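Novice: Please see the structure below; I have some questions.
The values are calculated or read from the model by the stated rules, or taken from the named source; none is laboratory data. Please read these numbers as outputs of a predicted model, since none were measured by experiment. For neighbour counting, all protein chains shown are included, and Cβ atoms are generated from backbone atoms with ideal geometry for every residue, glycine included.
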Amino acid sequence: MNNNKHKREVLEAIDGLLQNVCDKLYILEALDKDKSDSGAYDLHDQLYDLFTTHNSLVVGVERSKSIVPE
């Protein structure tokens, strides 16, 4: 196995982890929007930052996958 194949495998693994993170962010967002609790919307700004950072990571991984040769 060559390094490019290893790179692709690692990038695919990161891709899967990022999907899990995205799922958790949506759960956290739903919990934060629950107005029945006193902490409603206290994570609004932080969630914005987390979603923005997550999207940047997704773009970086996709770009990396397009660069590494098959």
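Novice: Restricting to the range 51-70, count the residues that are surrounded by 13 or more Cβ atoms within 10 Å (Cβ to Cβ) and within 8 Å of the chain's Cα centre (by Cα).
Specialist: Total meeting the criteria: 4.
Novice: Now for a different question. Mind checking which pairs have a first residue in the range 33-62 that is closer than 26 Å to Leu17 by Cβ and in contact (Cβ under 8 Å) with a residue 60 or more places away in the chain and a second that is surrounded by 10 or more Cβ atoms within 10 Å (Cβ to Cβ) and charged (D, E, K, R), Cβ under 7 Å, 6 or more apart or different chains?
Specialist: The qualifying pairs do not exist here.
Novice: Restricting attention to the range 1-40, which residues are closer than 26 Å to Val59 by Cα and of a type in the set (Ser, Thr, Tyr)?
Specialist: Correct list: Tyr26 only.
Novice: Specify the residue that is modelled with the lowest pLDDT; the eligible residues are those in the range 56-70 that are farther than 12 Å from Leu11 by Cα and part of a loop (DSSP other than H, G, I, E, B).
Specialist: Per the stated criteria, the residue is Glu70.
Novice: If you check every pair at least six apart or on different chains, which have Cβ atoms under 6 Å apart with a residue in the range 3-21 that is touching a residue at least 24 places away in the same chain (Cβ under 8 Å) first and a residue that is outside any helix (DSSP H, G or I) and aliphatic (A, V, I, L, M) second?
Specialist: What qualifies is Asn4/Val68; Lys7/Val68; Arg8/Val68.
Novice: Only residues that are more than 25 Å from Val68 (Cα to Cα), modelled with pLDDT of 95 or more and either in contact with a Cys (Cβ under 7 Å, 6 or more places away or on another chain) or of a type in the set (D, E, K, R) (or both): list them for the range 1-55, please.
Specialist: If the condition is that a residue be more than 25 Å from Val68 (Cα to Cα), modelled with pLDDT of 95 or more and either in contact with a Cys (Cβ under 7 Å, 6 or more places away or on another chain) or of a type in the set (D, E, K, R) (or both), then Asp23, Lys24, Glu29, Asp32, Lys33, Asp34, Lys35, Asp42, Asp45, Asp49 are the ones that fit.
Novice: Let me ask something else. Collect the residues in the range 36-48 that are exposed (fewer than 11 other Cβ atoms within 10 Å of the Cβ) and in a helix (DSSP H, G or I), keeping them in residue-number order.
Specialist: Within the range 36-48, Asp45 is the sole residue that qualifies.
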